[in-house]
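Accompanying notes for the structure given below.
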Amino acid sequence: MLRALSCLALLAAGAARLAAAAGATDSAVSRALAVLALLLALHVLADPLQRWRLRHIPGPPALPLLGSVPAMMRAGGPFFFRQCFAKYGPVFKVAMGRKWVVVVADAELMRQAGQRLRSHVIIEPNLNRGHLRRLDAEGLFQAHGEFWRLLRGAWQPAFSSAALSGYLPLMSACGLRLAQQLQAGGGARPAAGYVDVWRALGGMTLQVVGSTAYGRLAVACGDVFRFGSALHGSIYQRIGLLLPELVPALVPLAHSLPDPPFKRLQRARSTLLAACMELIRSWRQQHATTTRTAGGTTATGVAAAAEAPAAMCGAAVPAAAAAVDGAAAPAGPEEADAAARGGGVGGGGGDGSGVGGSGVAAGSFLDLMLAARDKANGAALTDRMVAAQVQTFLLAGYETTANALAFAIYCVATHPEVESRLLAEVDAVLGRDRPPTESDLPRLPYTEAVLNEAMRLFPPAHATTRIVEAGAPLQLGGVSLPPRTPLILAIYSAHHDPAVWPRPEDFIPERFLPASPLHSEVAARVPGAHAPFGYGSRMCIGWKFAMQEAKLVLALLYQRLLFRLQPGQVPLPTATALTLAPRDGLWVRPVLRRAARAE
């Protein structure tokens, strides 16, 4: 019945749009819309079960059909959840259109749920089709069961201690290149222009992940995060969120009559897919003569990385405006689909149409990841399976680390006492021109504390998801959650809980310094309350990589530069789509430290 209604709704919606496009009379359009409205009403009446299953859980009132979506759009998802936490308690239900979810906002309950449940759930509708849809299903984030264990085991070597050590030359070279670029653009001139350091950091993080074609990818990755959220993307995504049963009908409609946000998202996804396939092809060429043992990987690139780090990082980190304005037109879906129809890694495949000049930096994360094999049977993963992981880590490496560093720079710039202590630590450990080494990193505890506190106040991954497993209900904080209930773990709410964090709105790095006299006053009252990378076995697999990169780059930047905010950015406007990010960028004037002393 629901599928039949969905088909009828498709016909009604399509008829209305086509009639309007063809110049039909207002009455014809009105009749089509009236049929659609009737069908939507039937959908609402046909689904009382979800409300009944969660009737014992408190939550905000839900508007008919719309649920809490308007309130979330007005306030922003993490801020809305925080308001609900204060009003309804640590476990509450929210209607995402007609899809009811349970939000867990208490730090300890989130830790329990995150450790006990091992599967993510995708709350928002997926309107992709063909290779893009299959690519999503084969990524590490959506994978579950044995397939998830296969993927995680395949990529785990890329995050080993030895691999992390091998990445240091590349991270250092890219961080130094960024500092030099910012230095050349800022300097000590009082009239120097401001730069969007958030955009510049995004280009650098793509280089660190291993792509040498970071300019176009930065644009595509940004569009995926911006337009991939139903709350901020296409109208079709919002309809799919409000009426999940209509998603099968919305997919062909959205692709036939796309609105501008959907076009941008599809172009970005196609560009990203084509780039992933080009990276695989390029890696094959680079390693055509390399002998690799079945079931293992030969990380010869790590040694090469140590020999020429500057070459790996590319010629320069482009300014934000140049990266956006100079981006070539993304590849279309047809080219991307053709690129994805390759064989396994090591065989023939697509040519990455439309994405030229890209490559994989030797010794980088992508270099090791593309060498991974299924250790259980020695078989190479298919191109599409590898491309799915490349896509996942390009997106994660671009957005979240860049956001964390940008928020850290903002917090330091607005707290002079923190800046003074950070500079003192960097100078004492590194001096004024020596790049950090592996042995230096443990000697930078305040630098790490600055990052941790910035990610507490502004967690880039402001929420994560789980689903209650089939079978028995999950008991959480005295609340019984029925099987198959989707959960949102509201990390932002837990990071701002005054019952856990004294003075939760203040930026106090000493929360993460046990040796500090302030620590006992301001540290978290609950173990494990700080969770910017998630929980349990589904915790971000690359968190050590991200922390090493962020810590090293922050130290390198402040070894050479200070950052002065452009007026009008306090408090910093943020955007909450798939991640928490600076809404309008972070505009700063980089100042050479020696010039700052002269002033």
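The values are calculated or read from the model by the stated rules, or taken from the named source; none is laboratory data. Model, not experiment: these values are computed from the prediction. Every residue, glycine among them, receives a Cβ derived from its backbone with ideal geometry; neighbour counts consider all protein chains shown. All accessible areas refer to the heavy atoms of the entire protein, side chains included, with ligands and DNA or RNA removed. Shrake-Rupley method; radii C 1.70, N 1.55, O 1.52, S 1.80 Å.
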query = Looking at this structure, is His144 in contact with a helix residue (DSSP H, G or I) (Cβ under 6 Å, 6 or more places away or on another chain) and open to solvent by 10 Å² or more (accessible area, probe 1.4 Å)?
reply = no
task = Report, by residue number, each residue of region 103-127 that is touching a helix residue (DSSP H, G or I) at 6+ places or on another chain (Cβ under 7 Å) and either assigned to a loop (DSSP other than H, G, I, E, B) or among the polar types (S, T, N, Q) (or both).
result = Ala105, Asp106, Gln115, Arg118, His120, Glu124, Pro125, Asn126, Leu127
message = Kindly evaluate Val219 against the criterion of being part of a helix (DSSP H, G or I) and either of a type in the set (Phe, Trp, Tyr) or at pLDDT 90 or above (or both).
response = no
query = Does region 550-591 hold any residues that are of a type in the set (Ser, Thr, Tyr) and farther than 25 Å from Thr464 by Cβ, and which are they?
reply = Tyr558
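Might you check whether a residue that is polar (S, T, N, Q), within 26 Å of Thr579 (Cβ to Cβ) and buried (at least 24 other Cβ atoms within 10 Å of the Cβ) occurs anywhere in region 404-424?
no
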request  = Can you tell me which residue within region 123-141, out of those that are in contact (Cβ under 8 Å) with a residue 12 or more places away in the chain and open to solvent by 70 Å² or more (accessible area, probe 1.4 Å), is farthest from Thr382 (Cα to Cα)?
outcome  = Arg129
query = If you go through region 446-465, how many residues are of a type outside the set (Val, Ile, Thr), out of contact with any Lys or Arg (no Cβ under 8 Å at 6 or more places or on another chain) and not in a loop (DSSP other than H, G, I, E, B)?
reply = 3
ask   = Of the residues that sit in region 190-206 and are in contact with a helix residue (DSSP H, G or I) (Cβ under 9 Å, 6 or more places away or on another chain) and farther than 14 Å from Glu549 by Cβ, which one is modelled with the lowest pLDDT?
value = Ala192
note = Arg593 vs (1) at pLDDT 95 or above; (2) closer than 22 Å to Arg177 by Cβ: all pass except (1)
ask   = Taking the stated definitions as given, is Phe507 within 30 Å of Pro169 (Cβ to Cβ) and either in contact with a His (Cβ under 8 Å, 6 or more places away or on another chain) or open to solvent by less than 20 Å² (accessible area, probe 1.4 Å) (or both)?
value = no
ask   = Within region 44-102, which helices (runs of 4 or more DSSP H) (wholly inside it) include 2 or more residues that are open to solvent by 10 Å² or more (accessible area, probe 1.4 Å), free of Cβ contacts under 8 Å to residues at least 12 places away in the same chain and small (Gly, Ala, Ser)?
value = 69-75
key: Matching residues, region 555-599, being assigned to a helix (DSSP H, G or I) and either within 27 Å of Gln142 (Cα to Cα) or open to solvent by 80 Å² or more (accessible area, probe 1.4 Å) (or both)   = Arg594, Arg597, Ala598
ask   = In region 470-489, which residues are without any contact (Cβ under 8 Å) to a residue 40 or more places away in the chain and part of a strand (DSSP E or B)?
value = Gln475
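In the set Leu481, Leu487, which member is more than 25 Å from the chain's Cα centre (by Cα) and surrounded by 18 or more Cβ atoms within 10 Å (Cβ to Cβ)?
Every option except Leu481 fails the conditions.
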message = Being open to solvent by less than 40 Å² (accessible area, probe 1.4 Å) and assigned to a loop (DSSP other than H, G, I, E, B) is the filter here; which residues of region 515-554 pass it?
response = Ser516, Ala523, Ala524, Val526, Ala529, Ala531, Pro532, Gly534, Tyr535, Ile541, Gly542
